[in-house]
Amino acid sequence: ALTAGIVGLPNVGKSTLFNAITQAGAESANYPFCTIDPNVGIVDVPDERLQKLTELVNPKKTVPTHFEFTDIAGIVKGASKGEGLGNKFLSHIRQVDAICHVVRCFADDNITHVAGGVDPIADIETINLELILADLESVDKRLERVGKLAKQKDKEAVYEHEVLVKVKEALENELPARTVEVTDEQVKYLKGMHLLTSKPVLYVANVGEEDVADTSDNEFVKQVREFAEKDNAEVITVCAKIESEIVELDADEKAMFLEELGIQESGLDQLIRAAYNLLGLATYFTAGVQEVRAWTFRTGMKAPQCAGVIHTDFERGFIRAETVSYEDLLAAGTMTAAKEAGKVRLEGKEYLVKDGDVIHFRFNV
Ligand code: GDP
């Protein structure tokens with residue numbers, strides 16, 4: 001499964017947030033095969049469409065899809081030189097598919113900040129620099145090898161060399177590899193380098209309780225947003241402390257509490273959905289009287305592969321996918337009405353599944 005790693009300097013609220021994640025934890029009964037790793041938090045992906053489909057179909061049970069966060073142990077300066085937890089930290093980052101970088105944007109005199117004062121940009125740069133230096137080392141090694149081949153006029157090597165030089169230049173300017181613009185042909189070389197700074201990043205600005213409803217006055221958040229734009233990254237705001245309180249509540253209490261705070265959706269729910277999208281994940285649904293269920297697929301997956309998410313037999317024996325979009329189904333009111341309105345399509349092997357598709361797979365066993 002794809003996973004998003006949570007990183008951040010000490011005392012930024014990382015553990016508070018990760019605890020909220022594990023406590024919010026997905027109904028484990030639905031995932032009997034998931035290993036219990038204390039560094040992994042599995043959460044349900046909040047999706048109001050699932051609720052609407054449940055009302056429409058009235059099934060025996062409803063099962064949301066889930067998503068994994070991985071807590072990455074603390075970083076210290078000098079990680080790229082193998083100090084302290086350094087190398088371990090980098091190898092953990094290598095294993096995740098996206099990075100949620102928590103930065104402290106709350107002022108609290110009682111909580112010491114490692115570098116003296118609250119300075120989110122300096123915090124971001126501390127971690128980013130370690131990643132950039134590690135990548136620079138990988139790129140230099142690769143350049144040496146590829147450079148020799150390129151001199152011998154090896155075509156592939158010449159192409160890769162070009163990309164490597166571009167990436168090196170960016171890294172030397174302290175810019176992550178994800179900011180490097182490459183052509184469609186060059187993408188494969190960049191991907192093949194498996195660089196840490198190629199991974200998609202989400203900055204999670206951890207704000208104080210006073211800013212939770214409206215972060216527009218928070219100067220730190222403003223700085224993070226400006227930085228993220230140059231860094232080709234996204235930003236979301238949460239208040240980790242409040243999130244850790246919200247997870248203790250049941251659904252009704254949660255709704256009331258959010259209303260009191262003046263927010264629509266909890267920061268944690270926003271974080272889950274943002275990380276999900278960041279990884280290029282999307283959701284399709286199955287909707288039968290037994291079960292209405294959300295399933296995760298990667299954007300760009302075709303119908304048989306999506307069927308394989310449910311069971312490998314479904315992929316092997318795939319015949320076709322009876323498909324209706326969530327919007328069309330909702331507008332029609334029932335599956336029968338959607339069929340009568342001609343909204344249910346019979347899609348074949350080449351069909352690219354879309355987010356929100358409601359699918360019934362036909363297959364041979
Ligand atoms: P970590 O070292 O990054 O894992 O940080 P912790 O989660 O342990 O948080 C460090 C301290 O900051 C703890 O005392 C938390 O209670 C506090 N803290 C975390 N998030 C918030 C927040 O949103 N607001 C305030 N005021 N304090 C917070």
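The values are calculated or read from the model by the stated rules, or taken from the named source; none is laboratory data. Small disclaimer: the values here were computed from a predicted structure and weren't measured. Cβ coordinates were reconstructed from backbone atoms using ideal geometry, including for glycine residues, and neighbour counts include every protein chain displayed.
A compact table of results
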item	result
Count of region 203-247 residues which are more than 16 Å from the ligand (Cβ to nearest atom) and not in a helix (DSSP H, G or I)	4
Region 54-80, residues that are of a type outside the set (Val, Ile, Thr), at pLDDT below 65 and either over 23 Å from the mean Cα position of the chain (by Cα) or away from the ligand (no atom under 16 Å from the Cβ) (or both)	77, 78, 79, 80
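For every residue, the table says whether it meets (1) of a type in the set (Lys, Arg); (2) modelled with pLDDT under 90; (3) under 19 Å from the mean Cα position of the chain (by Cα); (4) within 22 Å of residue 177 (Cα to Cα).
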site	(1), (2), (3), (4)
210	no, yes, no, no
215	no, yes, no, no
218	no, no, no, no
232	no, yes, yes, yes
245	no, no, no, no
262	no, yes, no, no
268	no, no, yes, no
